[in-house]
Amino acid sequence: MSGTRVTALSVTPVKATRLHVIDSVELDEFGARGDRRFFLIDQSNRMVNSKIVGTLQSVVCQLDDAAGRLTVTLPDGRKVSGPVADGEERVEARFYSSHPVVRVVEGPWTEALSELAGRPLRLVEGDPAVDRGSIGAVSLISRASLHRLASQAGVEQVDARRFRMLIEIDGVEAHAEDRWIGQSVKVGPTVLHFEGNVGRCLVTSQDPDTGEVTLPTLDLLREYRSDVECTEPLPFGVYGRVLQGGRVSVGDPVNV
């Protein structure tokens, strides 16, 4: 694995919105600092992701942490911006099978995002909104796995952002990352321990810029991954926890 390197890092401050591909990120026990810091809830306080509202992937969110200001850019180019100061309202949200108490973040984006989604939405903040909590604080996929899926689909390439993974690497064979489950891996100065496969859902079939369904990823995975021994069905990539934090950058070495 001497030639294995980090080739991309992808984050977003608001879960379900378009990913930013960045050069470096600070990892701690909760994952990439600032990643999925916020998420959206509906009138029933249920978390809303792009599987429910695909057009959220057309929204670009940028957080100026120093200024405490969130800017939301809508598909038509309009920008709404405001402070993310502490508010008093707390609600119990439904985040998959958990029920975290979260802070409602009021701002000009509430009306804009609700109009886009065609339903009332509110922005909230709690613990980082990664799907599996600290046990899944990081996720990783190899370029070779993406190439293998592209081959199955009969296309030149598959955009890695479909899978909304934090870390992309190169220098291993397709699905080599599956074998890292239960092992610790050094990524740059950090140490990650991989806990399981990332089982896939309909979000991966959506274009990562528009949210439109453009690739039958689940059918493709069933064709060649349905018999793979895994921790979650239709596996593609792995998730894990951060044992030792630090700053990970594109180009950093990866060593099991």
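The values are calculated or read from the model by the stated rules, or taken from the named source; none is laboratory data. This structure is a prediction, so every number in the text was calculated from the model and none was measured. Cβ: placed from backbone, ideal geometry, glycine included. Neighbour counts: every protein chain shown. The accessibility values were calculated without ligands, DNA or RNA, using every heavy atom of the protein model including side chains. Shrake-Rupley method; radii C 1.70, N 1.55, O 1.52, S 1.80 Å.
A crude spin-label estimate for the pair S24 and Y224, with each label 7 Å from Cα along the Cβ direction, gives 3.6 nm. Pairs of Cα atoms in region 1-115 fall into 10 Å distance bins, from 0 up to the last occupied one, in shares of 12, 42, 35, 8, 3, 0 percent.
Under 15 Å of direct C-alpha separation, and excluding same-chain neighbours fewer than eight residues apart, K15 reaches these aspartates and glutamates: D35, D42, E125, D127, D131, D209.
Computed from label points 7 Å out along Cα-Cβ, the spacing between A153 and S81 is 3.4 nm.
Using C-alpha pairs below 8 Å separated by at least 6 residues, the relative contact order for the chain is 26 percent.
Here the accessible area of the chain is 46 percent carbon and sulfur, with a 1.4 angstrom probe and all protein chains present. Looking at region 65-101, the GluC sites (Glu not before Pro) that sit in a DSSP loop and have at most 10 other Cβ atoms within 10 Å of their own Cβ are E88.
Using all pairs of distinct alpha-carbon atoms, the Kirkwood hydrodynamic radius of the chain works out to 18.7 angstrom. State the extension gain, in nm to one decimal, for the chain segment bounded by T231 and E111, taking 0.36 nm per residue of separation less the distance between their alpha-carbons. Gain in length upon complete extension: 39.2 nm. Considering all different alpha carbon pairs of region 197-256, the Kirkwood hydrodynamic radius works out to 14.0 Å.
Ordered by 1.4 Å accessible area with all protein chains kept, C230, C61 run largest first as C230, C61. Sparsely packed loop sites in region 120-207 (the GluC sites (Glu not before Pro) outside DSSP H, G, I, E and B with at most 12 other Cβ atoms within 10 Å) comprise E156, E173.
Helix 143-153 axis versus longest C-alpha principal axis of the chain: approximately 90°, rounded to the nearest ten.
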